[in-house]
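Have a look at the structure below before the remarks.
What follows is calculated from the coordinates using simple rules that are stated; it is not laboratory data. Please read all numbers here as calculations on a predicted model, not as lab measurements. Note that we place each Cβ from the backbone using ideal geometry, even for glycine, and neighbour counts take in every protein chain shown.
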Amino acid sequence: MTQVSANKRHQTEGKACEGADRQVLLSIKNLVKDFILSRQGLGRQKQVLRAVDNVSIDIMSGETFGLVGESGCGKSTIARCLMLLERPTSGQVVFSGEDILALSTLELRRVRRHMQMVFQDPHASLDARMRVHDIVEEPLVIHGAGNRNERRQRVAEVLELVGIDPASATRKPHAFSGGQAQRIALARALVLNPDLLILDEPVSALDVSIQAQVLNFLQDIQQEFLLTYLFIVHDLVVAEYFCDRVAVLYLGAVAELADSQELFRNPLHPYTVSLVSAVPVPDPERPRRGARLVLSGEVTPVGQKQQGCRFRARCPLGGGRSRCLQHAPDLREHTPGHWVACHFPGELRTPN
Amino acid sequence: MATEPEHVLSVRDLRTEFHTENGIFPAVRDVSLDVYRGRQVGIVGESGSGKSALALSILGLVRPPGRIMSGQVLLNGRDLCLLKETQLNSVRGREVSLIFQDPMTALDPVKTIGKQICEGILHHNRGTSRREARRRAIHLLEDVEVPAAAQRMNSYPHEFSGGMRQRVMIAIAIANEPDLIIADEPTTALDVTTQAQVLDIFESLVRSRGTAVILITHNLGIVAEFCDEVRVMYAGRIVESADTRTLFRNPVHPYTESLLRSVPRPDQAHDGKLFSIAGLPPSLARLPAGCSFEPRCIAGRGKPLCQESRPKTTSVGEVHASHLAECHFARERHEAQS
């Protein structure tokens with residue numbers, strides 16, 4: 001198993017260098033999502049929170065793409081926009097060459113079976129009153145796949161794949177532990193044989209030992225079914241371990257995007273540098289990667305648009321230079337494949 | 001014996017059970033635990049291993065259907081299990097205080113922050129004037145680095161962010177300079193950068209005051225950075241205890257070893273799989289006859305000894321009781337490492 005897995009990593013690393021032979025499966029173009037906070041009172045100006053601000057990301061077929069950032073940075077909103085659980089304010093979501101925002105409801109259903117989502121808390125995302133069999137079968141029913149017998153067979157097949165005894169499928173979700181319930185949620189997502197799985201913090205609610213089981217399993221089925229993952233995670237260590245490429249979000253925009261190892265070993269954006277230095281390392285002999293660089297303040301999702309760099313108020317570089325004050329930095333390719341939105345990339349290094 | 005470190009807390013054979021319709025759940029099974037003055041002790045384990053039940057038992061906060069069945073909780077030499085509720089109230093907050101995971105449920109939403117900090121000060125210090133309490137409260141908020149402390153005294157908890165609320169919880173916990181603070185997953189709800197801020201503040205405050213801390217967490221990274229000693233809990237028992245370096249370098253109990261190996265590490269080689277512990281923790285209502293970790297164990301699974309008899313606590317350290325593990329193969333495993 002280890003051998004196979006090592007090969008896979010090898011291939012994906014190759015891909016990061018070559019880039020050309022892989023196809024774009026999902027392309028997010030200039031995605032914007034505004035939430036209207038309050039509009040009580042006639043004539044009062046409405047307050048708008050821009051949760052996702054002009055995000056563009058291409059996800060390659062077969063890769064694991066990570067979205068990381070602190071709570072409120074917009075990572076879950078992006079996922080919800082992709083599944084059209086939220087209607088984006090503007091922008092495009094192109095899946096296998098089709099702009100899904102332009103599709104009719106019927107056409108959308110056809111595309112949707114190729115993209116599925118798994119949520120953070122399995123006990124909240126599985127209907128507590130349905131039997132596990134019915135939960136996993138439901139997508140097949142909705143998409144009119146097969147007859148009753150074929151569906152039953154498929155459900156048993158998928159449950160077995162995720163390591164749940166099909167004989168226990170008459171039980172309801174509460175009879176299963178968190179790790180098992182997350183496998184059931186995965187079975188529901190996999191039953192239609194999708195191309196893309198959007199995983200929103202799928203292991204955050206699980207204990208470390210169970211987390212390892214689920215991550216290993218996700219790796220296995222990715223190879224077996226050639227799945228593409230969009231992996232939303234706040235745990236940077238998991239992101240570094242599990243993802244091929246990672247985008248760091250700050251207040252709804254991409255601050256930095258690169259190959260996972262490159263991003264965590266050679267962060268260029270001061271926000272990424274401070275995130276990486278804040279992660280507690282489970283090794284008392286070698287505490288932290290360098291000294292901790294504590295950011296002042298907290299993420300403040302401001303309603304009104306401020307001028308200049310969105311990170312400047314918390315920036316360890318001070319953010320007081322005129323370029324930081326006046327212009328929001330664009331996301332630029334600093335070195336091949338390594339994108340960063342900072343006027344002074346690489347100026348702040350991980351402290352040693 | 002003069003060099004013997006001073007005990008703040010000494011828990012002896014503490015047993016807490018929850019009696020429910022579905023059976024008896026011994027959440028804490030005859031646990032002994034020593035905490036010395038000024039030491040930071042981490043308790044790690046999976047959910048359901050009894051970490052929080054142990055903390056609540058120490059503070060006498062176990063509520064029905066839970067009950068402390070036997071054992072002693074000696075805080076500064078006095079057995080808290082024998083105290084009445086009114087006596088406990090004068091101990092809690094003054095000698096020992098608790099920081100919860102979720103400050104939003106621990107703080108009163110209809111009282112200002114200032115009032116809640118002052119309450120604790122006034123309760124334990126008869127004769128302190130309100131003005132004096134308020135002055136001290138502002139000082140405490142400054143200690144936990146809440147900006148514009150004097151103004152924020154009049155704010156309500158919902159006006160604070162998660163990190164700021166947890167700082168307020170710390171301020172309340174240290175208000176009466178207790179000898180021991182029990183922090184139950186204090187930073188789990190926070191983002192990494194906020195977590196780093198809060199832990200740094202907490203650490204400098206307890207170190208400068210010489211406060212002993214029991215830090216309950218499932219994050220091994222936090223234990224490695226913050227704690228002097230570690231206790232690993234599994235199915236209601238402390239299965240291994242050692243100082244932090246020893247535990248991370250030479251884990252003797254197979255559960256500890258598995259736990260450490262299943263965490264992805266930064267800088268780790270990216271090929272290969274994560275190590276994972278097979279199976280699930282046992283139900284406390286139906287514990288195996290032998291070692292409770294046997295069905296999942298990398299060393300003892302299927303061995304008759306492990307299936308049939310419960311392992312005793314074995315000392316493997318050079319100093320007596322410096323490194324304990326509850327495993328039939330503790331000695332062999334320890335020798336194999338060194």
Notebook entry, point to check: If you count the DSSP beta bridges with both ends in chain A, what percent of them are antiparallel, to the nearest 5?
Noted result: 60
Next item on the list: Please provide three numbers in whole Å: the alpha-carbon extents of region B:205-338 along the principal axes, with the largest listed first.
Entry: 50, 40, 35
Checklist line | Inter-site label distance for A:HIS174 and A:GLU347 at 7 Å from Cα along Cβ, in nm | finding: 5.7
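Using the Cα gyration tensor of the protein assembly as shown, with a ≥ b ≥ c the square roots of its eigenvalues, what is the shape: rounded (a/c below 1.5), prolate (a/b larger than b/c) or oblate (neither)? It would help to have the intermediate numbers written out before the result.
Details: a/c = 1.67, a/b = 1.22, b/c = 1.37.
The shape class here is oblate.
For region B:261-338, what D do you get in µm² per second when you plug the Kirkwood radius from alpha-carbon pairs into Stokes-Einstein at 4 °C and 1.567 mPa s?
On the way: Rh = 14.6 Å.
D = 89 µm²/s.
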Checklist line | Estimated dipole of chain B in Debye, rounded to 20 [Cβ of Lys and Arg +1, of Asp and Glu -1, Cα centre] | finding: 680
Notebook entry, point to check: Of all DSSP beta bridges in chain B, what percent run antiparallel (nearest 5)?
Noted result: 65
Next item on the list: With a point put 7 Å past each Cα toward its Cβ, work out how far B:SER155 is from B:ARG67 in nm, to one decimal.
Entry: 4.6
Next item on the list: Pull out a ≥ b ≥ c, the square roots of the eigenvalues of the alpha-carbon gyration tensor of region A:149-247, then state rounded if a/c is under 1.5, prolate if not and a/b is larger than b/c, and oblate in the remaining case.
Entry: oblate
Notebook entry, point to check: Out of residues 5 or more away from A:VAL48 or on other chains, whose amide H comes under 5 Å of its own, with H placed 1.01 Å from N in the peptide plane?
Noted result: A:LEU37
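Quick one: B:THR314, A:THR64, B:THR86, fewest Cβ neighbours within 10 Å first, how do they rank?
Values: B:THR314 18, A:THR64 24, B:THR86 7.
Ordered from fewest to most neighbouring Cβ atoms within 10 Å, B:THR314, A:THR64, B:THR86 come out as B:THR86, B:THR314, A:THR64.
Hey, got the average number of other protein chain Cβ atoms within 10 angstrom for residues in B:220-229?
Numbers: counts 6, 8, 3, 3, 9, 9, 3, 1, 1, 0.
If you average over the peptide's residues, the count of other-chain Cβ atoms is 4.
Of the DSSP beta bridges with both residues in the protein assembly as shown, give the percent that are antiparallel, rounding to the nearest 5. Write out the running numbers ahead of the final one.
Working: 59 of 94 bridges.
For the protein assembly as shown, the DSSP antiparallel bridge percentage is about 65.
To the nearest 0.05, how large is the calculated FRET efficiency for B:GLN337 and B:ARG301 if R₀ is 30 Å and r is the Cβ-Cβ distance?
On the way: r = 20 Å, r/R0 = 0.67.
The value I calculate is 0.90.
Which whole-number percent gives the relative contact order of chain B, counting Cα pairs below 8 Å spaced six or more residues apart? Provide the component values of the computation, followed by the final result.
Working: 613 pairs, mean separation 64.0, N = 338.
Value for chain B: 19 percent.
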Check: Hey, how much of the P(r) for chain A falls beyond 32 Å, as a percent of Cα pairs?
Finding: 35
Check: So how do A:185-197, B:109-121, B:221-233, A:148-160 stack up, highest first, on mean other-Cβ count within 10 Å?
Finding: B:221-233, A:185-197, B:109-121, A:148-160
Next item on the list: Return the subset of A:LYS33/B:LYS115; A:LYS33/A:LYS172; B:LYS273/B:LYS303; B:LYS51/B:LYS273; B:LYS84/B:LYS115 for which the Cα-Cα distance in this structure is over 31 Å, preserving the input order.
Entry: A:LYS33/B:LYS115; A:LYS33/A:LYS172
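In a shell of Cβ-Cβ distance under 12 Å around A:VAL203, excluding A:VAL203 itself, what net charge do Lys and Arg (+1) and Asp and Glu (-1) give?
Numbers: positive: A:ARG183; negative: A:ASP121, A:ASP200, A:GLU201, A:ASP207, A:ASP235.
Residues close to A:VAL203 contribute a combined charge of -4.
Tally Lys/Arg at +1 and Asp/Glu at -1 over every other residue whose Cβ is under 11 Å from the Cβ of B:ASP184; what's the total?
Details: positive: B:LYS51; negative: B:ASP102, B:GLU185.
Net local charge, B:ASP184 excluded: -1.
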Checklist line | Interatomic Cα distance distribution for region B:1-75, bins of 5 angstrom, percent | finding: 4, 15, 25, 23, 16, 9, 5, 3, 1, 0, 0
Check: Using 0.36 nm per residue, how much length does the chain from B:THR105 to B:VAL319 gain when fully extended, once their Cα-Cα distance is taken away?
Finding: 72.8 nm
